[in-house]
Amino acid sequence: MAIAAESQAGEKPSSEVSAASDKQRRWNLSDFDIGKPLGRGKFGHVYLAREKKSNHIVALKVLFKTQLKQSQVEHQLRREVEIQSHLRHPNILRLYGYFYDQTRVYLILEYAAKGELYKELQKCKFFSEKRAATYISSLARALIYCHAKHVIHRDIKPENLLIGAQGELKIADFGWSVHTFNRRRTMCGTLDYLPPEMVESVEHDASVDIWSLGVLCYEFLYGVPPFEAKEHSDTYRRIIKVDLKFPSKPIVSSSAKDLISQMLVKESSQRLPLHKLLEHPWIVQNADPSGIYRG
Ligand code: AMP
């Protein structure tokens with residue numbers, strides 16, 4: 001077992017990892033058998049784990065409090081836990097609960113057996129239109145669900161997506177998400193995926209996620225994000241101008257380009273609404289309705 005310390009009581013109940021009878025229970029480390037490391041993040045490690053009572057397989061994310069404090073992300077983590085633990089969607093990674101001890105915070109997460117999408121994209125360089133459309137439509141459905149609950153993700157990008165055992169995509173990181181009824185001004189997320197209104201720090205709303213989904217769709221099909229540049233300042237400039245160019249290689253259908261062009265629109269209110277995206281001919285003709293890419 002890789003984690004040694006005794007953990008103290010956590011706070012949040014989890015309803016599904018264990019039997020319904022212990023709905024109000026507090027988790028601790030002795031509830032889990034710890035397996036192989038799954039990966040390393042900025043603030044700690046992720047392990048495969050099995051909840052002893054139910055035999056349910058989970059991913060246990062172990063975060064070091066000192067590192068969270070140093071980077072001043074405790075508030076962000078609290079928000080992430082609060083938001084992600086309330087979401088229930090096949091394309092959103094479940095957060096079953098959390099607990100902590102003196103030095104660490106533990107997140108009990110759904111296990112995504114096929115790992116990181118980012119690595120798949122690196123391996124393939126770019127995806128087929130069928131694969132890209134299947135992923136984009138399932139993400140659009142997940143975002144429609146989030147937006148209906150007044151949750152804006154604000155950081156959709158390949159690094160934040162995992163693949164489940166069936167090949168289904170899972171939004172995994174809600175570190176920049178907000179629960180909001182208002183328009184926001186905060187600057188967050190990774191530059192390449194930021195829409196013009198966030199680059200310019202003007203008010204933004206749920207349509208920022210439509211922009212990011214457009215960037216993601218482009219990156220799926222071309223292997224690079226659309227506004228990539230050597231210097232940050234050039235990426236800014238290209239985003240603000242919406243300097244969108246479609247290279248001749250790889251060959252991408254005009255229908256896909258049409259969809260991307262309707263999402264990467266500077267005026268946020270003019271971006272293609274997500275429910276309309278699901279009716280777009282490129283999605284209808286290419287996406288597997290099950291949301292599962294079968295290779
Ligand atoms: P993170 O700290 O979230 O960046 O996670 C570090 C690495 O652990 C990721 O890049 C994944 O390879 C792996 N990982 C994180 N969460 C999970 C999960 N729920 N299921 C499977 N692998 C995961």
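Of the residues making up segment 208-217, not a single one is open to solvent by 60 Å² or more (accessible area, probe 1.4 Å), touching a helix residue (DSSP H, G or I) at 6+ places or on another chain (Cβ under 6 Å) and closer than 24 Å to Val284 by Cα. Tell me, yes or no, whether segment 69-89 has at least one residue that is over 30 Å from His147 (Cβ atoms) and not small (Gly, Ala, Ser). Taking every residue of segment 69-89 in turn, at least one turns out to be over 30 Å from His147 (Cβ atoms) and not small (Gly, Ala, Ser). When Thr235 is tested against (1) among the hydroxyl-bearing types (Ser, Thr, Tyr); (2) open to solvent by 30 Å² or more (accessible area, probe 1.4 Å); (3) within 25 Å of Met198 (Cβ to Cβ), just one condition goes unmet, and that condition is (2). Looking only at segment 67-75, decide whether some residue is at pLDDT 95 or above, within 13 Å of the ligand (Cβ to nearest atom), surrounded by 13 or more Cβ atoms within 10 Å (Cβ to Cβ) and not in a helix (DSSP H, G or I). Within segment 67-75, none of the residues are at pLDDT 95 or above, within 13 Å of the ligand (Cβ to nearest atom), surrounded by 13 or more Cβ atoms within 10 Å (Cβ to Cβ) and not in a helix (DSSP H, G or I).
When the test is whether a residue is within 24 Å of Ser290 (Cβ to Cβ) and either touching a residue at least 12 places away in the same chain (Cβ under 8 Å) or of a type in the set (Gly, Ala, Ser) (or both), Leu60 does not pass it. Selection over segment 119-134 of residues that are open to solvent by 20 Å² or more (accessible area, probe 1.4 Å), out of contact with any Lys or Arg (no Cβ under 9 Å at 6 or more places or on another chain) and touching a residue at least 24 places away in the same chain (Cβ under 8 Å) gives a count of 5. Taking each residue of segment 158-172 that is within 10 Å of the ligand (Cβ to nearest atom) and looking for partners that are polar (S, T, N, Q) and not in a helix (DSSP H, G or I) with beta-carbon atoms closer than 9 Å, six or more apart or interchain, yields Glu159/Thr190; Gly164/Asn91; Lys170/Asn91. Figure legend. Inter-residue proximity from segment 87-108: first residues over 22 Å from Thr66 (Cα atoms), second residues of a type in the set (Phe, Trp, Tyr), beta-carbon distance below 6 Å, spacing 6+ or different chains. Indicated pairs: His89/Tyr145. Residues of segment 49-66 that are among the charged types (D, E, K, R) and either within 16 Å of the ligand (Cβ to nearest atom) or modelled with pLDDT under 90 (or both): Arg50, Glu51, Lys61, Lys65. Taken over segment 218-232, the criterion of being within 20 Å of the chain's Cα centre (by Cα) and surrounded by fewer than 16 Cβ atoms within 10 Å (Cβ to Cβ) is satisfied by Gly223, Val224.
Scanning segment 30-44 for residues that are under 18 Å from Gly97 (Cβ atoms), assigned to a strand (DSSP E or B) and open to solvent by less than 60 Å² (accessible area, probe 1.4 Å) yields a total of 3. So, in segment 83-111, of the ones that are aromatic (Phe, Trp, Tyr) and within 15 Å of the ligand (Cβ to nearest atom), which residue ends up least open to solvent (accessible area, probe 1.4 Å)? Within segment 83-111, the match that is least open to solvent (accessible area, probe 1.4 Å) is Tyr106.
Can we say Asp192 is modelled with pLDDT under 95, in contact with an Asp or Glu (Cβ under 7 Å, 6 or more places away or on another chain), part of a helix (DSSP H, G or I) and not assigned by TED's automatic domain parsing to the domain that holds Leu38? Against the criterion (modelled with pLDDT under 95, in contact with an Asp or Glu (Cβ under 7 Å, 6 or more places away or on another chain), part of a helix (DSSP H, G or I) and not assigned by TED's automatic domain parsing to the domain that holds Leu38), Asp192 qualifies. For segment 135-152, filtering for residues that are surrounded by 22 or more Cβ atoms within 10 Å (Cβ to Cβ) and either within 16 Å of the ligand (Cβ to nearest atom) or more than 16 Å from the chain's Cα centre (by Cα) (or both) leaves 1.
Could you tell me whether segment 260-274 includes any residue that is modelled with pLDDT under 95 and open to solvent by less than 50 Å² (accessible area, probe 1.4 Å)? Yes - at least one qualifying residue is present in segment 260-274.
Here is a check on your reading of the model: is Lys23 modelled with pLDDT of 90 or more and either within 16 Å of the ligand (Cβ to nearest atom) or open to solvent by 60 Å² or more (accessible area, probe 1.4 Å) (or both)? For Lys23, the condition - modelled with pLDDT of 90 or more and either within 16 Å of the ligand (Cβ to nearest atom) or open to solvent by 60 Å² or more (accessible area, probe 1.4 Å) (or both) - is not met.
The values are calculated or read from the model by the stated rules, or taken from the named source; none is laboratory data. Bear in mind the structure is a predicted one, so any value in this text is a computation, not a measurement. Because the Cβ atoms are built from the backbone with ideal geometry, glycine has one as well, and the counts that use them run over all protein chains shown. Ligands, DNA and RNA are stripped out before the accessible areas are found, and what is left, the full protein with its side chains, is counted by its heavy atoms. Shrake-Rupley method; radii C 1.70, N 1.55, O 1.52, S 1.80 Å.
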